[in-house]
Ligand code: UD1
Ligand code: CA
């Protein structure tokens with residue numbers, strides 16, 4: 001039988017204490033809801049309907065490029081009321097209706113399929129997914145009848161002290177036959193919360209003598225609901241652990257893996273080494289045998305095989321060719337490119353600049369809008385002054401050149417191949433190929449000055 005999936009995601013998520021709708025809180029850089037949509041699509045759903053409410057526009061925008069239909073639940077009167085909001089969108093759909101929540105992001109496509117299969121096998125009615133928890137606090141409890149059949153679900157707030165002892169709980173994932181639309185309007189809100197509870201359908205289906213099946217989930221972690229920040233962190237931890245394991249199985253070496261954070265968009269090759277505290281995000285790709293030093297933060301960057309980032313470096317939109325080295329304490333900003341064997345050392349910032357093969361900029365340098373030719377040495381403290389207060393200008397440095405320490409290259413400017421710039425120069429004119437440029441105050445040595453200074457100081461003392 002075909003199935004549709006309805007994802008309930010209209011609630012604010014009050015306990016998150018946030019302006020951001022709960023389902024948009026990111027897990028490894030992606031909104032929680034995106035995981036649920038992905039599972040629904042992978043389960044083979046013909047249609048995916050998302051019920052939005054709180055922050056509807058934000059939620060729609062965040063998921064604009066996913067193939068879902070949005071429906072709005074203007075007032076959040078409870079989960080049964082939320083499902084009713086999807087009725088019209090599915091009025092022409094005759095298959096099973098699977099329902100899950102936007103705040104259960106670890107649910108797998110397989111589990112959704114299993115539930116749809118169970119509904120079909122029992123010949124309609126409804127099926128719900130339950131789980132057993134040591135600490136069932138906050139969840140709806142499954143109450144069974146004398147025959148051991150599911151009789152009803154009772155929410156935490158409405159449960160008697162005995163019912164609160166029940167460890168079998170509702171996961172909030174269900175499969176219904178299309179008759180659900182006639183049952184739904186019969187749900188009442190006569191409970192402590194004054195809400196229309198979707199789990200009340202269990203009792204209604206039972207009264208109508210319809211089959212009510214229950215699957216008990218094998219993997220509990222799949223059904224962790226996110227209602228608080230602590231649960232959000234817990235779920236993220238589960239996702240991270242899975243991701244790390246996957247990469248380690250693919251040949252990546254992680255030291256203290258539990259300290260490493262990476263997003264699912266990142267790609268790593270075999271023999272990559274990640275030291276403790278590394279953070280890798282966005283479209284980052286790391287080639288075979290590359291090494292990333294402790295506490296480095298790398299976003300949207302590419303490291304070729306054998307490249308190395310030393311500890312405490314920050315990279316964004318950067319590219320390192322084979323054998324290039326950055327850090328410790330390097331800062332590579334968007335458009336920074338290090339060719340084969342180029343080296344950028346501590347406290348060097350590179351933005352929108354290409355450093356040719358074997359270029360060295362070892363210490364305390366800023367290179368912005370620059371191109372540096374093969375084998376050139378950039379001394380400590382060299383700065384490209386690329387900004388005149390209004391516009392950015394380029395600096396070209398040829399190959400095999402030598403830029404003396406603490407020089408400022410005032411752009412636009414061009415340093416020829418093999419040219420030398422004397423330390424401490426302020427260069428605002430082009431330097432021809434092979435020339436030496438000195439642009440600083442000339443040094444003057446005043447003989448005997450120190451002695452004279454001492455004598456003067458003594459005279460002052462006597463007078464006082
Ligand atoms: C719900 C179940 C509970 C189950 C638990 C599993 C109800 C009444 N209770 O409780 O039995 O054990 O899930 O995690 O269903 N939502 C709407 N509109 C509303 C209310 C809620 O769209 O009017 C959405 C929320 O955004 C959320 C989902 O429905 O994504 C679940 O709502 P939530 O308030 O988190 O229910 P729980 O208290 O967790
Ligand atoms: Ca919940």
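The values are calculated or read from the model by the stated rules, or taken from the named source; none is laboratory data. This is a predicted model, so every value here is computed, not measured. Please note: Cβ atoms are built from the backbone with ideal geometry, for glycine as well, and neighbour counts cover all protein chains shown.
Could we say that residue 288 is more than 30 Å from residue 83 (Cβ to Cβ), crowded, with 19+ Cβ neighbours inside 10 Å and at pLDDT 95 or above here?
Values: more than 30 Å from residue 83 (Cβ to Cβ): yes; crowded, with 19+ Cβ neighbours inside 10 Å: no; at pLDDT 95 or above: yes.
The answer is no for residue 288.
For the range 196-208, does any single residue satisfy the condition of being farther than 30 Å from residue 319 by Cα, more than 16 Å from ligand 2 (Cβ to nearest atom) and surrounded by fewer than 16 Cβ atoms within 10 Å (Cβ to Cβ)?
Yes, the range 196-208 contains at least one residue that is farther than 30 Å from residue 319 by Cα, more than 16 Å from ligand 2 (Cβ to nearest atom) and surrounded by fewer than 16 Cβ atoms within 10 Å (Cβ to Cβ).
Can you name every residue in the range 217-235 that is away from ligand 2 (no atom under 14 Å from the Cβ) and in contact with a strand residue (DSSP E or B) (Cβ under 6 Å, 6 or more places away or on another chain)?
Once the filter is applied, which keeps residues that are away from ligand 2 (no atom under 14 Å from the Cβ) and in contact with a strand residue (DSSP E or B) (Cβ under 6 Å, 6 or more places away or on another chain), the range 217-235 yields 217, 220.
Could you tell me whether residue 235 is within 16 Å of ligand 1 (Cβ to nearest atom) and crowded, with 18+ Cβ neighbours inside 10 Å? Give the steps one after another, and end with the answer.
Numbers: within 16 Å of ligand 1 (Cβ to nearest atom): yes; crowded, with 18+ Cβ neighbours inside 10 Å: yes.
When the stated conditions are applied, residue 235 passes them.
Looking only at the range 261-285, count how many residues are buried (at least 18 other Cβ atoms within 10 Å of the Cβ), out of contact with any helix residue (DSSP H, G or I) (no Cβ under 9 Å at 6 or more places or on another chain) and in contact (Cβ under 8 Å) with a residue 40 or more places away in the chain.
Of the residues in that region, 1 qualify.
Condition first: more than 16 Å from ligand 2 (Cβ to nearest atom) and under 26 Å from residue 72 (Cβ atoms). Now tell me which residues in the range 97-108 satisfy that.
Looking only at the range 97-108, we keep the residues that are more than 16 Å from ligand 2 (Cβ to nearest atom), and these are 97-98, 108.
Correct list: 97, 98.
Just to be sure, is residue 50 assigned to a strand (DSSP E or B) and at pLDDT 95 or above?
Numbers: assigned to a strand (DSSP E or B): yes; at pLDDT 95 or above: yes.
Yes: the conditions hold for residue 50.
Could you grab me the full set of residues in the range 359-378 that are closer than 16 Å to residue 400 by Cβ, touching a strand residue (DSSP E or B) at 6+ places or on another chain (Cβ under 8 Å) and in a loop (DSSP other than H, G, I, E, B)?
359, 373, 376
Quickly run through the range 233-260 and pick out the residues that are closer than 24 Å to residue 102 by Cα and without any contact (Cβ under 8 Å) to a residue 40 or more places away in the chain.
So the first thing to find is which residues in the range 233-260 are closer than 24 Å to residue 102 by Cα, and the list is 233-243.
Those that are closer than 24 Å to residue 102 by Cα and without any contact (Cβ under 8 Å) to a residue 40 or more places away in the chain: 233, 234, 237, 241, 242.
Taking the range 1-46 as the region of interest, how many residues are more than 19 Å from the chain's Cα centre (by Cα), within 16 Å of ligand 2 (Cβ to nearest atom) and in a loop (DSSP other than H, G, I, E, B)?
Within the range 1-46, residues that are more than 19 Å from the chain's Cα centre (by Cα), within 16 Å of ligand 2 (Cβ to nearest atom) and in a loop (DSSP other than H, G, I, E, B) number 5.
Could you count how many residues in the range 145-169 are away from ligand 1 (no atom under 15 Å from the Cβ) and in a strand (DSSP E or B)?
Selection size over the range 145-169: 0.
Name the pairs: first residue in the range 119-132 and within 13 Å of residue 210 (Cα to Cα), second residue modelled with pLDDT of 95 or more and assigned to a helix (DSSP H, G or I), Cβ to Cβ under 6 Å, at least 6 apart or on different chains?
That search, which allows pairs on different chains as well, returns 125/205; 126/205; 127/115; 127/118; 127/119.
Hey, among the residues in the range 97-114 that are away from ligand 1 (no atom under 12 Å from the Cβ) and in a strand (DSSP E or B), which one's farthest from residue 233 (Cα to Cα)?
Taking the range 97-114 and keeping what is away from ligand 1 (no atom under 12 Å from the Cβ), we get 97-98, 108-114.
Filter once more, keeping what is in a strand (DSSP E or B): 97-98.
Working: 97: 30, 98: 27 Å.
Filtering the range 97-114 for residues that are away from ligand 1 (no atom under 12 Å from the Cβ) and in a strand (DSSP E or B), the one farthest from residue 233 (Cα to Cα) comes out as 97.
Quick check on the range 192-232: of everything there that is in a helix (DSSP H, G or I), within 24 Å of residue 76 (Cβ to Cβ) and without any contact (Cβ under 8 Å) to a residue 12 or more places away in the chain, which residue is nearest to ligand 1 (Cβ to nearest atom)?
That would be 231.
Could you please give the count of residues in the range 69-96 that are within 23 Å of residue 34 (Cβ to Cβ), more than 16 Å from ligand 2 (Cβ to nearest atom) and not in a loop (DSSP other than H, G, I, E, B)?
The number of residues fulfilling the criteria is 6.
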